[in-house]
Amino acid sequence: MKLPFKRLITLVAGTALAGLVHAADLKEIRIAVPDLSAGSQHSGGGVTDVLRTQQIYEKAFADQGIKIQWNYFKGAGPVINEAFANGQVDLAYLGDLAAIIGRANGLDTRLLSATARGVKQYLGVVPGSGIKTLQDLKGKRIAVFRGTASQLSFDSALASQGLSEKDFKVINLDYSAASAALAAKQIDATWGSSSLSALQAKGLADLPLTTKDLGGAGSIQAVLVGSGKFVDAHPEVIAQVLKAQQQAVQWLTDDNNKQAYIDLVSGLASYPPVILGNDLKNEKLSELFPSTLDPEFLGKLQDSVDLAAKERLIRKPFKVSEWVVPGLQAAGL
């Protein structure tokens, strides 16, 4: 049963938090987002682009004098985890692996919300190579951005085919470097997002398969996490953040807004709209972007934790149920 936000605040705060710093003492909320843009503007895709362009957080906290600081990181998850460790950010929108690595490595983060689920990843290969399956790549050079959701996606996709990274010559390159290397035929393949369609359109890559072709194996989940110190000190702010975020989620999960969303992200990220349009052609936004920490989402996140441990991306697994801020799951958030 979903609980109202007043009840949520009580659940999150608890008597143990009485007397801690409250919103009146807070001057700004620092939010980290991986920067996926290819241009001069910033884009994290998904709910972050909706939140920022509609200034939802800014409006929600304006009367309290709390400023919103958006911090975009080209280094994606690994750099954001460093920022968490250095106390430079309060909240972060992350893909599953980066959030999992941070938690497993001792970062005191709290799971606050789902932000995406079932996001496709693509295999990009040198055109004319004849590579059609992951099996065809055995022994070849493939670029993967380590420490990001793409790496866990790749490992999950491989596991579904009875393979592992040991079967390939895996090279650690960020998304831009991987695209450049593939275009120059310095590698045989790369694993990444729909942005690889830009190379395909120029005849510089073939895209023989996606995670959809693997029955969903390797699809990515994304989350909102918060610094444990910040969450504990400002439970009422966290409740307000989640309430405000729902405005963006409601817009984003309305399938009537698909084209508007495509235009929004494409404009911010400097990608041709056809790329995201093709990526979402057979997708429903209502299925991609729910924010609820429901049993299915948490179960898949636990599977990701266990796989990361098995592939030695983290030292040992942990229980996702203990990562969730008390009260959020019960509140249906």
If I take R0 = 25 Å and measure r between the Cβ atoms of A217 and A184 in this structure, what FRET efficiency does the formula 1/(1 + (r/R0)^6) give, to the nearest 0.05?
0.25
Nearest 5 percent is fine: what portion of the DSSP beta bridges confined to the chain is antiparallel?
55
With only alpha-carbon atoms counted, please give the Rg and Dmax of the chain, in Å.
19.8, 66
Taking only protein heavy atoms and a 1.4 Å probe, the highest-to-lowest accessible-area order of H42, H234 is H42, H234
For T53, T115, give me the order by solvent-accessible area with a 1.4 Å probe, most accessible first, ignoring ligands, DNA and RNA.
T53, T115
antiparallel share of DSSP beta bridges within the range 122-214, to nearest 5, in %, is 55
Exposure of D35 as accessible area (Å², to 10), given a probe of 1.4 Å and all protein chains
20
Order by accessible surface, 1.4 Å probe, largest leading, for residues D155, D303 comes to D303, D155
Helix 295-310 vs. the chain, principal-axis angle (Cα, 0 to 90°, nearest 10):
60
Mind pulling the per residue volume of the convex hull built on the Cα atoms of the range 122-214? Å³ is fine.
82
Quick one: dipole size for the range 122-214, taken about the Cα centre, charges +1 on Lys/Arg Cβ and -1 on Asp/Glu Cβ, in debye to the nearest 20.
160
Keeping every protein chain present and rolling a 1.4 Å probe, give me the accessible area per residue for the range 125-274 in Å².
41
What is the Rg over Rh value, at two decimals, for the range 93-251, using alpha-carbon atoms and the Kirkwood definition of Rh?
1.06
When ranked by the protection proxy of mean other Cβ atoms within 10 Å per residue, highest first, what sequence do the peptides 262-271, 192-201, 163-172 form?
192-201, 262-271, 163-172
Which of rounded, prolate, oblate describes the range 57-177, given a ≥ b ≥ c as roots of the alpha-carbon gyration tensor eigenvalues and a/c under 1.5 marking rounded, otherwise prolate only if a/b is larger than b/c?
prolate
Which whole-number percent of Cα pairs in the range 221-333 have a distance greater than 18 Å?
63
With the contact rule set at Cα under 8 Å and sequence spacing of 6 or more, what percent relative contact order holds for the range 240-333?
26
For every other residue with a beta carbon closer than 11 angstrom to the beta carbon of R141, add +1 if it is Lys or Arg and -1 if Asp or Glu, then tell me the sum.
+2
Relative contact order %, the chain, counting alpha carbon pairs below 8 Å whose residues are six or more apart
28
For the range 92-251, percent of DSSP beta bridges that are antiparallel (nearest 5) comes out at 75
Take the Cα pairs of the range 164-257, get the Kirkwood Rh, then feed it into Stokes-Einstein at 25 °C and 0.890 mPa s and tell me D in µm²/s.
142
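The values are calculated or read from the model by the stated rules, or taken from the named source; none is laboratory data. Keep in mind that what you see is a predicted model, and the values were worked out from it rather than measured. Don't worry about glycine lacking a Cβ; one is built from the backbone with ideal geometry, like all the others, and counts go over all protein chains shown. Calculation scope for accessible area: heavy atoms of the full protein, side chains included, ligands and nucleic acids excluded. Shrake-Rupley method; radii C 1.70, N 1.55, O 1.52, S 1.80 Å.
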